[in-house]
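One structure is given here, and the rest of the page talks about it.
Each reported figure results from applying straightforward, stated rules to the coordinates on display, with no laboratory input. Quick caveat: nothing in here was measured; it's all calculated off a predicted structure. Neighbour counts are summed over all protein chains in view; Cβ atoms, including those assigned to glycine, are modelled from backbone coordinates with ideal geometry.
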């Protein structure tokens, strides 16, 4: 018998995802009929398919700041921000920079905040 209590964990007790808050500043006005979105290399980010892109919400207190909160797996991923039409999700433009990288493999925290600026 162990002198220390043994804790049994079920699979549900183990954290398989990280809650990631993406905060993206947009240095220009994109209009009321458009929305900032994020798309990337994992299923949670749409697997680079625009139909799976996740919308960010404009922060009411800041005209150029957009945010979303997503649960992502502990993995390495690539992503980009894009601008979509609100009405029909038609692509207006992608960021012109290289893909962004995020490594969540070693992240043991339950949450992470990512701060970016569109196209920078």
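Here the calculated FRET efficiency for residue 109 and residue 55, from their Cβ-Cβ distance with R0 = 25 Å, stands at 0.50, rounded to the nearest 0.05.
Taking a point 7 angstrom from the Cα of residue 78 along the C-beta vector, which residues in segment 37-51 have backbone N less than 14 Å away? Inside the label zone: 39-42, 47-49.
In this simple spin-label model, placing a label point 7 Å from the Cα along the Cα-to-Cβ direction at both residue 90 and residue 16 gives a separation of 4.0 nm. The alpha carbon centroids of segment 34-55 and segment 71-120 are separated by 8 Å.
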